[in-house]
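Engineer: Sharing a structure, written as structure tokens. Questions coming.
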Amino acid sequence: MAFLINPEDQDLLQTVREFCEKEVKEQCKEFDVSGEWPADIYEQAAEMGLNALEVPEEYGGPGLERVTVAALMEEMAKADAGFVTTITASNLALKAVLIGGNEEQKQRCCDLLIEGKHGAFCLTEPMAGSDASNSKTTAVREGDEYVLNGRKCFITNGGVASFYVVTAMTDKSQGVKGMSAFVVDAGTPGLSTGNHENKMGIRTSNTCDVVFEDCRIPASARMGAEGEGYKIAMQTLDMSRTWVGCGAVGIAQRCIDEAVSYGKQRITFGKPILKNQALQFKIADMEIRTETARQMVAHALKLMDEGKPYSKESAIAKCYAGDVAVQNALEAIQILGGYGYSREYPVEKLLRDAKIFQIYEGTNEIQRMVIAKNVIGKF
Ligand code: CAA
């Protein structure tokens, strides 16, 4: 994405690239093993303003172009996919507020991200993953308050967020039209975190259950009208999926970088293994896939910039880039051979990290449903 960004943003890109290379990539190796939340790294990132990259200028944000943010996200993902997941998840919550919230809610959430805090998007439940409409969490109106009850799961930043975007049923009889969305402050009595996931990859991100037990929130915490929650959530995901694709491009690129670096110095049969056309073709195919995915992300971002529909393109970007990240990680392991399978080398981590990009923010099967619906239309 770097080739698309303004000359004036190149210095910022270089600064973020160096931070990711020197600090994030190196330190996250040990946190990948321990599964601990790397608080120091996130504090440094917050000081650099990385939590607030997508905060619009009118709410105090840096006013960066989308392609610039994408180039920065790609660098973050190259360094560590858990790291970029944390940043992307805060922006996912922010997007929901920017789509459905009022001015006060928007400013408050933007301020929190500018301060270096995190956000979480709480849609998924044990019985409402792909089937997002099957939500069991309820929000019952009592005077000037709503009382939330239910359990959200697999929530990125669930244990570290300062604000939570939460969907809940205000009228079950209305199906998806009875779902509403709220912004809930961390520390609200009745909001707690449960089960922390011990994940296969993206281990530097925090993922846990978020539980609501008679959690009272002011009615003013609702975003939009009652019944608009599902639409807000779907529009948010439409937009955010492009950014997930961007993260996957970063992993795919790192796979190429690692495979080329290793393949140039590894000697077999008296020559570097990359002198073999069989491996050169593998690198070429990895590059074709990565560049195509990157262009798809850029295309979806351009449609957003132009105010044109992008639901299908965003789903394609996420789906294709997620598949590419996994394919490239497998090929990188193959090129490194036995070393690729060893934890001494980074590429096995890339495969573990890449896999989630085919799962979260809607599985790639769900993306294909979205794409097919856009192509076929209602009939
Ligand atoms: N924009 C606006 N409105 C939309 C919409 C969209 N993209 N998609 C659906 N809607 C509306 C429809 O218009 C419809 O309303 P009308 O009847 O008035 O037309 C209503 O919502 C229901 O629409 P559908 O019946 O077509 O939609 P659906 O319920 O069948 O949706 C689905 C199906 C696409 C599979 C959806 O359930 C879905 O996206 N599931 C995946 C959920 C998901 O991505 N979860 C990820 C959680 S976030 C996460 O992973 C973050 C993290 O922490 C890392």
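The values are calculated or read from the model by the stated rules, or taken from the named source; none is laboratory data. Here the structure is a predicted model, which means the values were calculated and not measured. Neighbour counts run over all protein chains shown; Cβ positions are idealised from the backbone, glycine included. Please note that ligands, DNA and RNA were not included when accessible areas were found on the heavy atoms of the full protein model with its side chains. Shrake-Rupley method; radii C 1.70, N 1.55, O 1.52, S 1.80 Å.
Engineer: I need the helices (runs of 4 or more DSSP H) fully contained in the range 279-379, keeping only those with at least 2 residues that are farther than 18 Å from A252 by Cβ.
Structural biologist: 311-336, 338-341, 364-376
Engineer: Sticking with this one: For the list (1) away from the ligand (no atom under 15 Å from the Cβ); (2) more than 17 Å from I356 (Cβ to Cβ), I need the number of the one condition that L94 fails.
Structural biologist: Only one criterion in (1) away from the ligand (no atom under 15 Å from the Cβ); (2) more than 17 Å from I356 (Cβ to Cβ) is unmet by L94, namely (1).
Engineer: Please indicate, with yes or no, whether at least one residue in the range 348-357 is aliphatic (A, V, I, L, M), at pLDDT 95 or above, in contact with a His (Cβ under 9 Å, 6 or more places away or on another chain) and within 16 Å of the ligand (Cβ to nearest atom).
Structural biologist: The answer is no, given that none of the residues of the range 348-357 is aliphatic (A, V, I, L, M), at pLDDT 95 or above, in contact with a His (Cβ under 9 Å, 6 or more places away or on another chain) and within 16 Å of the ligand (Cβ to nearest atom).
Engineer: Residues that are small (G, A, S): list the helices (runs of 4 or more DSSP H) wholly contained in the range 66-114 that include at least 3 such residues.
Structural biologist: Passing ranges, in order: 66-79, 81-100.
Engineer: A follow-up question, please. Please state which one of I87, I155 is near the ligand (Cβ under 10 Å from one of its atoms) and either open to solvent by less than 20 Å² (accessible area, probe 1.4 Å) or not β-branched (V, I, T) (or both).
Structural biologist: I155
Engineer: What are the residue pairs meeting all of these: first residue in the range 347-361, first residue at positive phi and open to solvent by less than 40 Å² (accessible area, probe 1.4 Å), second residue aliphatic (A, V, I, L, M) and within 15 Å of the ligand (Cβ to nearest atom), Cβ atoms under 9 Å, and 6 or more apart or on different chains?
Structural biologist: Once the first residue is at positive phi and open to solvent by less than 40 Å² (accessible area, probe 1.4 Å) and sits in the range 347-361, its partners that are aliphatic (A, V, I, L, M) and within 15 Å of the ligand (Cβ to nearest atom) give E361/L92; E361/L237; E361/V244.
Engineer: Among residues belonging to the range 126-145 that are hydrophobic (A, V, I, L, M, F, W, C) and more than 13 Å from the ligand (Cβ to nearest atom), point out the one that is nearest to M369 (Cα to Cα).
Structural biologist: Among those residues, the one meeting the criterion is A139.
Engineer: Filter the range 122-150 for residues that are surrounded by 20 or more Cβ atoms within 10 Å (Cβ to Cβ) and part of a strand (DSSP E or B); which is nearest to the chain's Cα centre (by Cα)?
Structural biologist: Among those that are surrounded by 20 or more Cβ atoms within 10 Å (Cβ to Cβ) and part of a strand (DSSP E or B), it is C122.
Engineer: While we're on this one: So which of R294, R343 is buried (at least 19 other Cβ atoms within 10 Å of the Cβ) and not hydroxyl-bearing (S, T, Y)?
Structural biologist: When all the criteria are applied, what remains is R294.
Engineer: I'd like to check something: does the range 16-35 contain any residue that is modelled with pLDDT under 95 and of a type in the set (F, W, Y)?
Structural biologist: no
Engineer: Can you find even one residue in the range 290-299 that is within 16 Å of the ligand (Cβ to nearest atom) and out of contact with any His (no Cβ under 9 Å at 6 or more places or on another chain)?
Structural biologist: No, the range 290-299 contains no residue that is within 16 Å of the ligand (Cβ to nearest atom) and out of contact with any His (no Cβ under 9 Å at 6 or more places or on another chain).
Engineer: Another question, then. Please go through the range 27-42 and give me each residue that is assigned to a helix (DSSP H, G or I) and surrounded by 13 or more Cβ atoms within 10 Å (Cβ to Cβ), ordered by number.
Structural biologist: Q27, C28, K29, F31, D32, I41, Y42
Engineer: Let me ask you something else. For the structure I just gave you, tell me whether I87 is touching a residue at least 40 places away in the same chain (Cβ under 8 Å) and within 21 Å of D238 (Cα to Cα).
Structural biologist: Taking the combined requirement at face value, the residue satisfies it.
Engineer: Let me ask something else about it. Looking at K318, K275, which one is modelled with pLDDT of 95 or more, under 16 Å from M1 (Cβ atoms) and not small (G, A, S)?
Structural biologist: None of the other options fit; the residue is K318.
Engineer: Can you find, within the range 259-282, the residue that is farthest from the chain's Cα centre (by Cα) among those that are in contact (Cβ under 8 Å) with a residue 40 or more places away in the chain and open to solvent by less than 40 Å² (accessible area, probe 1.4 Å)?
Structural biologist: The residue in question is I273.
Engineer: Continuing with the same structure: Give the range 164-219 a look and list any residue that's open to solvent by 50 Å² or more (accessible area, probe 1.4 Å), of a type in the set (S, T, N, Q) and without any contact (Cβ under 8 Å) to a residue 60 or more places away in the chain, or say none.
Structural biologist: Within the range 164-219, S173, Q174, T193, N195 qualify.
Engineer: Still on this model: Does S240 qualify as being at pLDDT 95 or above and open to solvent by 40 Å² or more (accessible area, probe 1.4 Å)?
Structural biologist: Spelling it out, it is not the case that S240 is at pLDDT 95 or above and open to solvent by 40 Å² or more (accessible area, probe 1.4 Å).
Engineer: Out of (1) modelled with pLDDT of 95 or more; (2) open to solvent by 30 Å² or more (accessible area, probe 1.4 Å), the odd one out for F379 is which?
Structural biologist: Every listed condition holds for F379 apart from (1).
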